[in-house]
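Undergrad: Below are the structure tokens for one structure; questions will follow.
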Amino acid sequence: MTSVDESPTSAFDPKHDPPWWRQAVVYQIYPRSFADSNGDGIGDIPGITSRVDYLAKLGIDAVWLSPFYPSELADGGYDVADYRDVDPRLGTLADFDELVAALHAHTLRVVIDIVPNHTSDQHVWFQEALRAGPGSAARDRYIFRDGTGLDGSKPPSDWQSFFGGSAWERVDDGQWYLHHFATEQPDLNWDNRDVHDDFLYTLRFWGDRGVDGFRIDVAHMLTKDLTEPLPTHAELQLIPRDGKHPTLDRDDVHDVYAEWRAVFDSYDPPRTAVAEAWVDRERVPLYASPESLGQAFNFDLLQADFDPEQFRRIVTDNLDLAAQSGSSSTWVLSNHDVTRHATRYGLPHPPREKDGWLTVKHGIEWVLAGGPADAIDLPGGARRARAATLFVLGLPGSAYLYQGEELGLHEVATIPDDARQDPTFFRTGGTDGLGRDGCRVPLPWEESGESFGFGSGGAHLPQPGWFAEHAVAREEKDATSSLAMYRRALTLRHSLQSGERLEWIETRDPTVLRYRRPNGWEVVTNFGVGEYPLDRADVVLSSGPVRLGVVPGETTVWLAPCEEY
Ligand code: NOJ
Ligand code: CA
């Protein structure tokens, strides 16, 4: 009999479990849009606690909570006013502790978001910096500069924020501060010791509360060399990203993470971290190494088409990168920053670079743009999304899922402009696409009723009528639903996961990928539209209807080791 990994034991024994994160399925929760317990239209921590059974039944291993900290929501909570508290609209620290206890009771680990490149402009430090004036110690925690031009009325450089517009904002006394994202997100100065100490304190604060891991926001941006004269925006783009770039992916950011590593490793088991680092591929292992953050997101599939050649190359490449760092690979099809993959796969393929790769910037622009609405093939997108999901869930490494993808949700494109919240929409006047609100619409739990069961007082982003078709309550009754497929896949995955390797099996059909895991499980994905003949009849899971002996077009099947079924 082929040996298979045991399912995880029911008793949660954090001290003795093997590194849980290496092949974990981590489910991302965008707290303000998950479940609302008190009817104010905003999802909250008790709302999540009330749905822990749902999370456990889904079969995931961990939950990653996007920011729930006090925030004025200039950037969906990524503008943090206090790193060591819960936004009063979302609950209290006691509620948070209760949530962690409930998740741990179900053997679910907890990952939280740390946002170290910038604070909110409402943070006490920034308010103090505004009051303290030029040259003060308080201002040195941020990046303040005098302006240029005769009266200093021009910004220190022509740098552009990622969200559009100038990356510099002028304050009342005439100085300017740097913000790579929204105006309300001043960049911190990582040359300042207070900044280091405060984040070390924050990591311990949450580590002591039982948090199992951290997702590090824009992990490649903290440290900067702003020696004057500053390069122009155009010059900045041309400077090689070799570790010495003034603002991106600098080697010295890993000095910060070496300090963090000491904190992570002071716990038993060590706290984990995953880097959100948009860096050149050869530099990803620096972030994923055990001396640094230990794991890094791989966003290649967010930018790929539903295409066998791209999928195969990305998988091979990322398993190779993971091996270089000693970490495990990560797979992401959707998150809170991109158009949901069910919709993406219904769009025409975007134009490609010569070598087939999209640049990161191009990729983000495309997925944020949402594509031409009239060109969307919704059922096709949903079918391909299911096939891509089963392809990904069979891979070695950890998979990061985004709330609602298990329901097969599409992007909501129809949010009126005055109901939108995302600064990328407002700062670009909508010219860079619809922004990210369309994947952040509160989840449908019930087929009808107030906000489809999200809460009793409406939803902070409007839900379309078609959400009824994707409601948890409806999908739970349907064995062919997306939710049923995710549940079955995540249950089977405990048997499928074995050594962190795969072997490609040649299919003699360029539209079909097939791989085998060390314990004999196989995954076959037909990316084409025709049928692919299958030499085995023992399909245990499929992303769509199958007939004996064939894998239909745009479908994935899982095959168990022969002895198993
Ligand atoms: C990456 C986060 O995922 C995104 O939502 C946020 O806007 C930026 N970082 C800035 O914090
Ligand atoms: Ca609420």
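A short reminder: the numbers here are calculations on the coordinates, not readings from a lab. From a predicted model like this one, the values you see are computed outputs, not experimental measurements. Neighbour counts run over all protein chains shown; Cβ positions are idealised from the backbone, glycine included.
Undergrad: Taking a ≥ b ≥ c as the square roots of the eigenvalues of the Cα gyration tensor of segment 111-162, is the shape rounded (a/c under 1.5), prolate (a/b larger than b/c) or oblate?
TA: Oblate, because a/c is 1.5 or more while a/b does not exceed b/c.
Undergrad: Name the residues whose placed amide hydrogens come within less than 5 Å of the amide hydrogen of Ile112, ignoring near sequence neighbours (fewer than 5 apart) on the same chain.
TA: Amide H neighbours of Ile112, under 5 Å, 5+ apart: Leu65, Gly213, Phe214, Arg215.
Undergrad: Counting helices only, and only those DSSP H runs with n ≥ 4, report the 222 nm mean residue ellipticity of the chain as the sum of -39,500 (n - 2.57) divided by its residues, in deg cm²/dmol to the nearest 500. Before the final figure, lay out the partial values.
TA: Details: 16 runs with 151 residues, N = 565.
When only DSSP H runs of four or more count, the value is -7500 deg cm²/dmol.
Undergrad: By count of other Cβ within 10 Å, fewest leading, how are Thr480, Thr330 ordered? It would help to have the intermediate numbers written out before the result.
TA: On the way: Thr480 9, Thr330 24.
By the 10 Å Cβ count, ascending: Thr480, Thr330.
Undergrad: Summing +1 for each Lys or Arg and -1 for each Asp or Glu, what net charge is found among the other residues whose Cβ lies under 10 Å from the Cβ of Asp79?
TA: -4
Undergrad: Report D for the chain in µm² per second (integer): Stokes-Einstein, Kirkwood Rh on Cα pairs, 25 °C, 0.890 mPa s.
TA: Details: Rh = 24.4 Å.
For the chosen part, D equals 100 µm²/s.
Undergrad: Quick check: residue separation of Asp280 and Arg209 times 0.36 nm, minus the Cα distance between them. What number comes out in nm?
TA: On the way: separation 71, 0.36 × 71 = 25.56 nm, distance 3.48 nm.
Contour length minus the Cα-Cα distance gives 22.1 nm.
Undergrad: Further, regarding this structure: What spacing in nm lies between the two simple spin-label points modelled at Val124 and Thr414, each 7 Å away from Cα in the Cβ direction?
TA: Result: 4.7 nm between the two label points.
Undergrad: How far is it, in nm, from the label point at Ser456 to the one at Ala484 when both lie 7 Å from their Cα along the line to the Cβ?
TA: For the pair Ser456/Ala484, the computed spacing is 3.3 nm.
Undergrad: Using a 10 Å cut-off around each Cβ, can you sort Ser166, Ser120, Ser153 from fewest to most neighbouring Cβ atoms? Could you put the intermediate results ahead of the total?
TA: Working: Ser166 19, Ser120 27, Ser153 11.
Fewest to most other Cβ atoms nearby, the residues stand as Ser153, Ser166, Ser120.
Undergrad: Between Ser153 and Trp504, what is 0.36 nm times their sequence separation minus the Cα-Cα distance? Round to one decimal in nm. Walk me through the intermediate numbers first.
TA: Numbers: separation 351, 0.36 × 351 = 126.36 nm, distance 6.03 nm.
Gain on extension, Ser153 to Trp504, equals 120.3 nm.
Undergrad: Please report the net charge: other residues with Cβ closer than 12 Å to the Cβ of Asp265, K and R +1, D and E -1. Let's see the in-between values first.
TA: Working: positive: Arg261, Arg271; negative: Glu259, Asp268, Glu291.
Neighbourhood net charge equals -1.
Undergrad: Between the alpha-carbon centers of segment 46-79 and segment 196-213, tell me the distance in whole angstrom.
TA: So the separation of the two Cα centres works out to 18 Å.
Undergrad: In debye to the nearest 20, how big a dipole does the chain give about its Cα centre with +1 on each Lys and Arg Cβ and -1 on each Asp and Glu Cβ? Spell out each step's value before the answer.
TA: On the way: 52 positive and 90 negative charges, 252 e Å.
So the dipole magnitude of the chain works out to roughly 1220 debye.
Undergrad: By counting other Cβ atoms within 10 Å of each Cβ, how are Lys154, Lys244 ranked from fewest to most?
TA: Details: Lys154 15, Lys244 12.
Result, fewest neighbours first: Lys244, Lys154.
Undergrad: I'd like the Karplus ³J(HN,Hα) series for segment 109-121: coefficients 6.51, -1.76, 1.60, θ = phi - 60°, whole numbers in Hz, and an x wherever there's a Gly or Pro.
TA: 7, 10, 10, 10, 8, 10, 10, x, 6, 8, 9, 7, 5
Undergrad: Hey, another quick one. Report, by chain and number, residues whose modeled amide H sits under 5 Å from the one on Ala167, excluding near sequence neighbours (fewer than 5 apart, same chain).
TA: Amide H neighbours of Ala167, under 5 Å, 5+ apart: Trp159, Gln160, Ser161.
Undergrad: Whose amide H sits under 5 Å from the amide H of Leu541, counting only residues 5 or more places off or on another chain, with H placed in the peptide plane?
TA: Correct list: Trp558.
Undergrad: When a/c reaches 1.5 or more, the comparison of a/b and b/c decides; with that in mind, is segment 195-322 rounded, prolate or oblate per its Cα gyration tensor? Walk me through the numbers on the way to the answer.
TA: On the way: a/c = 2.39, a/b = 1.12, b/c = 2.13.
Since a/c reaches 1.5 but b/c is at least a/b, the shape of segment 195-322 is classed as oblate.
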